[in-house]
């Protein structure tokens, strides 16, 4: 309720005050509130999702809105309902001929066979996790990463269908087959977490690049500084998200992970500029090298923080608690048929997804 009320206030501010410093100052209370909200939610489902959608996406979009930048600032201005949807969710209101990411649109819909294979792999989640004590810890982290990626794709695909059916909007694509990346630029810019990339580019990368260009000249160094600063900001926001999920003191491993990737991506840009397209690694070699680098650095710096949060264990407890609450509610209301339906539905979910 506080988030929706704040977005209504922000929409009103946008209709009264012109873009610029005044609008930003009037939006600062909303920005601080959005940072504070997820810190008061102690569950994985609410705390983690609110940290991402409210404390990250909404705040960055409101900063863009303060200076008259899309997606919230449009001409003509969007209606209040669309403003709230655009601020809170990673969506774009599209015409029939538009697509948020043309490179994905050209491929058409994903192959049903590939999606079915991913679903089959994800169905092995529980048997694998029941045997995790006999699996090498490093191998287990790799398996965990695969399940996390496939699980997110399945959830987002389901949400996209619901959003298209009931809201008439398209969810922005989150992934574009990241296991086929041929470079770090390809991985971070065009394949992994595209929603975050699309919001970090105008809020961090472009302004930093512009400022550096004025200070040191419009050259390669300005671009490299912007890349590293962008990854640093991403690391800080991930620290906030993981803190909201695990309620643990930040270890800065996540920040180090993203800064490392930012520095390596900057070096990759320099090498590509020097070579000027004259020589390239074979596609198969570049894919193996890039994926291996991402996996090794993730096992080193990213996934240890995630495992310490025990997000999967907490999510299991919360799901079971919700299941028991729904059963208790149905018994109280003496709705036997609904009780039976709810029991079957939650049992199916828990048995196929939750460890």
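The values are calculated or read from the model by the stated rules, or taken from the named source; none is laboratory data. Since the structure is predicted, the reported quantities are computational estimates derived from the model, not experimental observations. As a convention, Cβ positions derive from the backbone with ideal geometry for all residues, glycine included, and neighbour counts pool all protein chains shown.
Of the numbered criteria (1) modelled with pLDDT under 90; (2) assigned to a loop (DSSP other than H, G, I, E, B), the one residue 47 fails is (2).
Checking the stated criteria, residue 345 turns out not to satisfy the condition of being at pLDDT 75 or above and either outside the structural domain of residue 153 (by TED's automatic domain parsing) or surrounded by 15 or more Cβ atoms within 10 Å (Cβ to Cβ) (or both). Restricting the search to region 74-83, which residues are in contact (Cβ under 8 Å) with a residue 40 or more places away in the chain and within 22 Å of the chain's Cα centre (by Cα)? Correct list: 83 only.
Considered as a group, the residues in region 91-141 that are modelled with pLDDT of 70 or more and part of a loop (DSSP other than H, G, I, E, B) include one that is surrounded by the most Cβ atoms within 10 Å (Cβ to Cβ), and that residue is 135. Among the candidates 171, 156, the residue that is under 24 Å from residue 84 (Cβ atoms), in contact (Cβ under 8 Å) with a residue 40 or more places away in the chain and assigned by TED's automatic domain parsing to the domain that holds residue 287 is uniquely 171.
The test for being in the same structural domain as residue 302 (by TED's automatic domain parsing), under 30 Å from residue 131 (Cβ atoms) and in contact with a helix residue (DSSP H, G or I) (Cβ under 6 Å, 6 or more places away or on another chain) holds for residue 150.
As for region 208-230, it holds no residue that is surrounded by 19 or more Cβ atoms within 10 Å (Cβ to Cβ) and closer than 21 Å to residue 89 by Cβ.
Taking residue 48, is it over 27 Å from residue 206 (Cβ atoms), buried (at least 17 other Cβ atoms within 10 Å of the Cβ) and in contact (Cβ under 8 Å) with a residue 24 or more places away in the chain? When the stated conditions are applied, residue 48 passes them.
Within region 57-73, identify whether any single residue is surrounded by 15 or more Cβ atoms within 10 Å (Cβ to Cβ), closer than 23 Å to residue 303 by Cα and modelled with pLDDT under 85, and answer yes or no. For region 57-73, residues surrounded by 15 or more Cβ atoms within 10 Å (Cβ to Cβ), closer than 23 Å to residue 303 by Cα and modelled with pLDDT under 85: absent.
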